[in-house]
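Enquirer: One structure coming up, written as structure tokens, with questions to follow.
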Amino acid sequence: MNPYIEKTRALEFLISEAPVTLSRDTFTLLPSQGVLVAGTVLSRVTASGKYQILAPAGSGGAEVARAILSVGVLDVAADQTITAIDCHAEVLLSLITFPAGITAPQTVTATANLAARFIKLRIPA
């Protein structure tokens with residue numbers, strides 16, 4: 001990774017959100033997810049209730065897009081608390097990070113999963 005390329009800033013992807021803190025919540029991120037930038041699409045593992053990078057070909061909840069990471073995080077070997085947008089928001093599609101290798105149909109499904117949580121992905125005019 002080129003260290004001179006600026007990464008997405010915290011909440012830079014956010015166009016609008018519900019009042020106060022309705023759109024945001026804190027979650028536990030599974031360890032060893034790698035370095036994640038703000039705007040990374042997350043899923044929740046049903047068995048543990050913890051969040052991870054969306055795994056479109058996964059199972060057990062890992063395949064369902066549920067939230068968008070608010071602030072970038074470092075790769076750590078232990079659970080960490082994160083803040084994410086999990087409902088009632090509009091975000092810029094161009095600043096959202098889907099997992100590497102995601103297919104077009106999987107992107108459509110992930111977008112629909114987020115829309116079901118009232119997170120709308122917008123393309124700027």
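Here, each number is a calculation from the coordinates, and none is a lab measurement. The structure displayed is predicted, hence computed values, not measured ones. In this analysis, Cβ positions are derived from the backbone assuming ideal geometry, glycine residues included, and neighbour counts consider all displayed protein chains.
Enquirer: Please rank 98, 118, fewest neighbouring Cβ atoms within 10 Å first, as an exposure proxy.
Expert: Ascending Cβ contact count within 10 Å gives the list 118, 98.
Enquirer: Is the shape of the range 64-125 rounded, prolate or oblate, going by the alpha carbon gyration tensor and its root eigenvalues a ≥ b ≥ c, with a/c under 1.5 for rounded and a/b larger than b/c for prolate?
Expert: Verdict is prolate for the range 64-125.
Enquirer: Which ³J(HN,Hα) values in Hz, rounded to whole numbers, follow from the phi angles of the range 19-25 under the Karplus curve 6.51 cos²θ - 1.76 cosθ + 1.60, where θ = phi - 60° and Gly and Pro get x?
Expert: x, 6, 10, 4, 7, 10, 8
Enquirer: Can you run the Rg to Rh ratio on the chain? Use alpha carbon positions and the Kirkwood inverse-distance Rh.
Expert: Values: Rg = 13.6 Å, Rh = 14.5 Å.
Rg/Rh: 0.94.
Enquirer: Please rank 71, 41, 35, 20, fewest neighbouring Cβ atoms within 10 Å first, as an exposure proxy.
Expert: With the sparsest Cβ surroundings first, the list reads 20, 35, 71, 41.
Enquirer: If we count other beta carbons within 10 Å of each Cβ, what is the order of 76, 45, fewest first?
Expert: Going from least to most buried by this count: 76, 45.
Enquirer: Pick out which of 34, 72, 61 has the largest mean-square fluctuation in a Gaussian network model of the chain, springs linking Cα atoms closer than 10 Å.
Expert: Maximum fluctuation in the GNM of the chain, among the listed residues, is at 34.
Enquirer: GNM, the chain, Cα, under 10 Å: largest mean-square fluctuation among 111, 21, 83?
Expert: 21
Enquirer: To continue, here is another question. As an exercise, identify the chymotrypsin sites (Phe, Trp or Tyr not before Pro) in the range 1-63 lying in DSSP coil whose Cβ has no more than 14 other Cβ atoms within 10 Å. Don't skip to the end; give the middle numbers.
Expert: Working: sites: 4, 13, 27, 51; in loops: 4, 13.
Here the chymotrypsin sites (Phe, Trp or Tyr not before Pro) that fit, given the DSSP loop and packing criteria, are 4.
Enquirer: Something else about it: Could you list the residues of the range 39-75 with an amide nitrogen less than 20 Å from a label point located 7 Å from the Cα of residue 104 in the Cα-to-C-beta direction?
Expert: Flagged as within label range: 56-57.
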